[in-house]
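This structure is in structure tokens; I'll ask about it shortly.
The values are calculated or read from the model by the stated rules, or taken from the named source; none is laboratory data. Just so it is clear, the model here is predicted, and its values are computed rather than measured. Glycine also receives a Cβ, built like all others from the backbone with ideal geometry; neighbour counts cover every protein chain displayed. Side chains are part of the model used for accessible areas, which takes the heavy atoms of the whole protein and leaves out ligands, DNA and RNA. Shrake-Rupley method; radii C 1.70, N 1.55, O 1.52, S 1.80 Å.
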Amino acid sequence: MAVVGSSIVVGKVAVARLPIFLLSGLRFAVASAILVTLVLLVERPLPRPARRDVAVLALQAFAGIFAFNVLLLYGLRLTSAAEGGIVTSTTPAVASARCWRCARFR
């Protein structure tokens, strides 16, 4: 949790010095290099996702990871790191409340 929480503070400092899309690109490049290395070391044979799964994963990656982080970094330009951390920490509660509400009305 300390790493996740510190990413807000690092993001606040970084958006003051670098463009947001450059930050996002660097973050994903580093994460991709680490994850691809881990997959190559651990998974034998390499997993082969179905075509439909690739499309769903791409949509989730765009909306849940890329868009979330870009919008978070834009928001950090307008507020403090503490306020950004508070808003970000409410994400699981808001998502679970939303899911509970949808399930209740089915």
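Checking R44 against (1) open to solvent by 80 Å² or more (accessible area, probe 1.4 Å); (2) in contact with a helix residue (DSSP H, G or I) (Cβ under 9 Å, 6 or more places away or on another chain), only one condition comes out false. Which one?
Of everything listed in (1) open to solvent by 80 Å² or more (accessible area, probe 1.4 Å); (2) in contact with a helix residue (DSSP H, G or I) (Cβ under 9 Å, 6 or more places away or on another chain), R44 misses just condition (2).
Hey, any hits in region 26-40 for a residue that's surrounded by 10 or more Cβ atoms within 10 Å (Cβ to Cβ), in contact (Cβ under 8 Å) with a residue 12 or more places away in the chain and part of a helix (DSSP H, G or I)?
Yes; the residues of region 26-40 include at least one that is surrounded by 10 or more Cβ atoms within 10 Å (Cβ to Cβ), in contact (Cβ under 8 Å) with a residue 12 or more places away in the chain and part of a helix (DSSP H, G or I).
If you don't mind, there's one more thing I want to ask. Looking only at region 50-88, count how many residues are open to solvent by less than 80 Å² (accessible area, probe 1.4 Å) and either farther than 24 Å from L26 by Cα or in contact (Cβ under 8 Å) with a residue 40 or more places away in the chain (or both).
The total comes to 13.
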